[in-house]
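Read the structure below first, then the notes.
The values are calculated or read from the model by the stated rules, or taken from the named source; none is laboratory data. Fair warning: this is a prediction, and the values are worked out from it, not measured in the lab. Reconstructed Cβ throughout: ideal geometry from the backbone, glycine too, with neighbour counts over all protein chains shown. Accessible surface is based on the protein model in full, side chains and every heavy atom, while ligands, DNA and RNA are left aside. Shrake-Rupley method; radii C 1.70, N 1.55, O 1.52, S 1.80 Å.
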Amino acid sequence: MSELHIFKARKIVTMDPEQPEATHVGVRDGLVVAVGSEKDAAGWGTADTNDIFADKIIVPGFVEGHSHMFAGGIWRFVYVGYQDRVDPQGRRWSGVKSIDAVIERMRGEQEGLEEGVPLIAWGFDPIFLPAPRADRHDFDRVSDTRPIAVLHSNFHVMTVNTPALRLAEYTAETNIEGIVMGEDGEPNGELQEMAVMFPVMRRMNIDIRSLSGDGDGIRDFGKVCNAVGVTTATDLVASLEDSNVALLKNVTSEKAFPIRLVSALNGLQQPPDETVTRARELAPQSTDKLRLGSVKIVTDGSIQGFTARLREPGYYNGAANGIWNIAPDQLNILVDALLRNGIHTHIHVNGDEAIQVAIDAVGASIKRQSADDHRTVLQHCQMADREQFEKMRELGLCANLFANHIYYFGDQHKAITLGPERARKMDGCRTALDHGIPLAIHSDAPITPLAPLVTAWAAAQRQTAGGEILGEEERISAYEALHAITLGPAYTLRMEHEIGSIEPGKRADFAILDASPLDVEQDRIRDITVWGTVLGGVVHRA
């Protein structure tokens, strides 16, 4: 019989309503066999008792239901975001507060580059910076000979300089949606959504997928997760060629790799029938630490990037409506193919128009055939209203709300993108729960930093970076917030029978904390220190 290990803690928060707390947890072969007192655990036989967590709090390992694995590798590019960020090696990068500061940082980074080698930056957030909005002329100040691309933090928009525009041959005569024109009638350097971004990226050899396409990038993502208590994370839109799958299997199987990875196939990179076929091919290749077979569809864009699709009255500042990455009629075809074949589906929807189109697509498909327990997840779903949540409940849809937006972008949504009324209602966790929607909350890392305790705090407090409480009526309790980063996302990933709570028979995946989110003042949840994690009984120090 395999050895029994008992972990002792100051308190264990189980998220099991039948036994909400304990002091000891017994683990054998990576699974929980006992939860309770020392006597309860010892009843399973001779055990090795580990006191390493005797003064710590054990909670279920956090589950990040919407992130991107390139959150590790993206740091190979220059960070020019507004907020301070910490890279996978623990270095803190200060935020840049003006376009001049952005340019200065980029000038410093290009000094080591050979002539003609592209310069790439990421994290840019013009919505925080004083007008006018940065354009190609600003980045020509860094270099008017070297191609430069600056990826916005939302990754739905980028701004490039004049040499980069020339690479794609974008001119005043180029009539393609997403190429923003300046007052002079020429492209001003802002490119919205992938259809117009990709031609430049390809010519500059910018392959976001490659940032998670080598072992170091995958391991860096594991480090990012481990540092914040995450034991299961998603790479929520991946190409998943055979070579990439083989690499993922190899790296995730390493004992030192600290997470379970759920990788979803990009549903827009091939026709619907090929998407179904590939998803079916991938599913049987899943392992304990790599889950395959789901599909992600991106419908609209980003609210703060003004590419999300909004219903009337549209954007608060009068900006034009956003861009479809897949036309609604094509979405209907793709969703129907996926649901008809039992493929678990995640649909990116930010604006309320996109939300409605996705709801209609799922509803139409369900009318045509049975789709019991399909658990289609509307990802972000930031502007859903009461009627939409009600329809989601009727259709069996789940919601993974972008709660971090309240803190990181709430002030800008109130003042610029949505206006006060809609900003107060966005990411409505309270309304979702009151309507019986299976709820998760997320970071969408690297769009915002991966840190589930911050995400839980954001959903519970709804405090903006400027200190305002934005929509107090949409606050949820600390317990509900903890559920939304553990069992909630586990359910949306079809893994609630394995992870999300500490119960006999489930995987021994824990986050180790200095304090319980249920015992501290609710406004202090984000300040709790993460010691590390346990994955399948293996300890991983942060």
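Structural remarks
- In summary, helices (runs of 4 or more DSSP H) completely within segment 204-283 and bearing 1 or more residues that are under 29 Å from L482 (Cβ atoms) occur at 215-227, 242-252.
- Residues that are within 20 Å of M201 (Cα to Cα) and of a type outside the set (V, I, T) within segment 82-118 comprise M106, E109, Q110, L113, E114, E115, G116, P118, listed in sequence order.
- Count of segment 6-44 residues which are over 12 Å from V59 (Cβ atoms), outside any strand (DSSP E or B) and either β-branched (V, I, T) or in contact with a strand residue (DSSP E or B) (Cβ under 9 Å, 6 or more places away or on another chain) (or both): 10
- Criterion (within 30 Å of R209 (Cα to Cα), β-branched (V, I, T) and buried (at least 18 other Cβ atoms within 10 Å of the Cβ)) met by exactly one of I502, I447: I447
- When L268 is tested against (1) open to solvent by less than 40 Å² (accessible area, probe 1.4 Å); (2) under 26 Å from M383 (Cβ atoms), only condition (1) is not met.
Condition check ((1) at pLDDT 95 or above; (2) surrounded by 24 or more Cβ atoms within 10 Å (Cβ to Cβ); (3) β-branched (V, I, T)) across all residues:
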position	(1), (2), (3)
L378	yes, yes, no
Q382	yes, yes, no
D385	yes, no, no
Y407	yes, no, no
A415	yes, no, no
A423	yes, yes, no
A432	yes, yes, no
I441	yes, yes, yes
V454	yes, no, yes
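- Every residue from segment 522-541 that is surrounded by fewer than 19 Cβ atoms within 10 Å (Cβ to Cβ), under 16 Å from G61 (Cβ atoms) and in contact with a helix residue (DSSP H, G or I) (Cβ under 9 Å, 6 or more places away or on another chain): R541
- Segment 86-101 residues that are closer than 14 Å to G123 by Cα, paired with ones that are hydroxyl-bearing (S, T, Y) (beta carbon under 8 Å, 6 or more apart): D87/Y79; W93/Y79; G95/Y82; V96/Y82; K97/Y82
- Hey, G229 within 13 Å of L290 (Cβ to Cβ) and surrounded by 20 or more Cβ atoms within 10 Å (Cβ to Cβ) or not: no
- Residues of segment 70-90 classified as of a type in the set (D, E, K, R) and open to solvent by 30 Å² or more (accessible area, probe 1.4 Å), total: 2
- Some residue of segment 45-64 being open to solvent by 30 Å² or more (accessible area, probe 1.4 Å), in a strand (DSSP E or B) and among the hydrophobic types (A, V, I, L, M, F, W, C): yes
- Single match in A432, A456, A440, A460 (criterion: part of a strand (DSSP E or B) and under 20 Å from Y491 (Cβ atoms)): A440
- Selection within segment 468-497 - open to solvent by 20 Å² or more (accessible area, probe 1.4 Å), assigned to a loop (DSSP other than H, G, I, E, B) and over 19 Å from L518 (Cα atoms): E468, R494, E496, H497
- For S239: the one exception among (1) modelled with pLDDT under 95; (2) of a type in the set (G, A, S); (3) open to solvent by 20 Å² or more (accessible area, probe 1.4 Å): (3)
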